[in-house]
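**Q** Once you've had a glance at the structure underneath, I'll fire off some questions.
The values are calculated or read from the model by the stated rules, or taken from the named source; none is laboratory data. Predicted model only: the values in this text are computed from it and were never measured. Every residue, glycine as well, gets a Cβ built from its backbone with ideal geometry; the counts of neighbours run over all protein chains shown.
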């Protein structure tokens, strides 16, 4: 099964257990079939001299929705804990440098984790910690400028996530085919523009792409609004990929990949909602 989500787009992501090292046509609970060995029905079988087609192998656990939910909650708790400590301990003068450097580190971590053939659980936990520090610095900066905005953004993210989930489950909303390709290309272009804007800011050039607050112009509105739309579309692709992985019997370890994808998407959704809320604050 293939998914267009960049985080879940390994060619072998969410493959079934039969594609994770088991021979073609192998059935774990039927190692030996007498009729396949040339025995006719009712013919006596030699219990001592028969040779099974292959030795029994232990079957790995299957990916379930409960696993994905549990692991996603675990990663989000790590993000919240790291963010809370950062907001509590990090001084104001270090907020911007930590947020910028941390964002670059998180981007590289996402790329490394997504590119691996097998999901690395330690790398996923490392990403959660790094992202928690970034979110903590980002949130403290916004809370200092606009008191109360962080809780509003958290509630907005939860509501938006459940709205997307409802649209997926009850309205049949899907992002597939050509639309999914457009979303992926748009996400890549979004990241590239954001990096270019960051590089220009270091040289004193402001394109308005990352502006916050009521002075934000049309470009900032476009960037934040597009970010929310792309995050919602990515969330739909996450749900679709996870559901298909469960349906085809993906290994239990792949639930970490699903949880990782959901965590990355939810954090991106939160940061853009936080920006949009700042546009309405004085």
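**Q** Quick one: which residue in 217, 249 is modelled with pLDDT under 95 and in contact with a strand residue (DSSP E or B) (Cβ under 9 Å, 6 or more places away or on another chain)?
**A** On the way: 217 fails: in contact with a strand residue (DSSP E or B) (Cβ under 9 Å, 6 or more places away or on another chain).
Unique residue meeting the criteria: 249.
**Q** Which count do you get for residues in the stretch 207-222 that are in contact with a helix residue (DSSP H, G or I) (Cβ under 8 Å, 6 or more places away or on another chain) and more than 11 Å from residue 279 (Cα to Cα)?
**A** Residues meeting the conditions: 4.
**Q** In addition: Which count do you get for residues in the stretch 77-102 that are free of Cβ contacts under 8 Å to residues at least 40 places away in the same chain and surrounded by 12 or more Cβ atoms within 10 Å (Cβ to Cβ)?
**A** Quick first cut of the stretch 77-102, residues free of Cβ contacts under 8 Å to residues at least 40 places away in the same chain only: 77, 88-89, 91, 93, 97-98, 101-102.
This time we only want the ones that are surrounded by 12 or more Cβ atoms within 10 Å (Cβ to Cβ), so: 77, 98, 101-102.
Residues meeting the conditions: 4.
**Q** Then there's this: Go through (1) more than 24 Å from residue 74 (Cα to Cα); (2) without any contact (Cβ under 8 Å) to a residue 12 or more places away in the chain and name the single condition residue 187 misses.
**A** Condition (2) is where residue 187 drops out.
**Q** Something else about it: Please pick out the residue among 231, 224, 241, 259 that is farther than 25 Å from residue 115 by Cβ and modelled with pLDDT of 90 or more.
**A** 224
**Q** If the Cβ limit is 6 Å and pairs must be 6+ apart or interchain, which residue in the stretch 139-156 that is touching a residue at least 12 places away in the same chain (Cβ under 8 Å) pairs with which residue that is outside any helix (DSSP H, G or I)?
**A** Filtered contacts from the stretch 139-156: 146/281.
**Q** Out of 204, 156, I need the residue that is in a helix (DSSP H, G or I) and either under 30 Å from residue 94 (Cβ atoms) or in contact with a helix residue (DSSP H, G or I) (Cβ under 9 Å, 6 or more places away or on another chain) (or both). Which one?
**A** Working: 204 fails: in a helix (DSSP H, G or I).
Among 204, 156, only 156 is in a helix (DSSP H, G or I) and either under 30 Å from residue 94 (Cβ atoms) or in contact with a helix residue (DSSP H, G or I) (Cβ under 9 Å, 6 or more places away or on another chain) (or both).
**Q** Within the stretch 159-180, restricting attention to residues that are in contact with a helix residue (DSSP H, G or I) (Cβ under 8 Å, 6 or more places away or on another chain) and not in a helix (DSSP H, G or I), which residue is farthest from residue 69 (Cα to Cα)?
**A** Result: 176.
**Q** Would you call residue 229 loosely packed, with under 14 Cβ neighbours inside 10 Å and part of a helix (DSSP H, G or I)?
**A** So residue 229 fits the description; yes.
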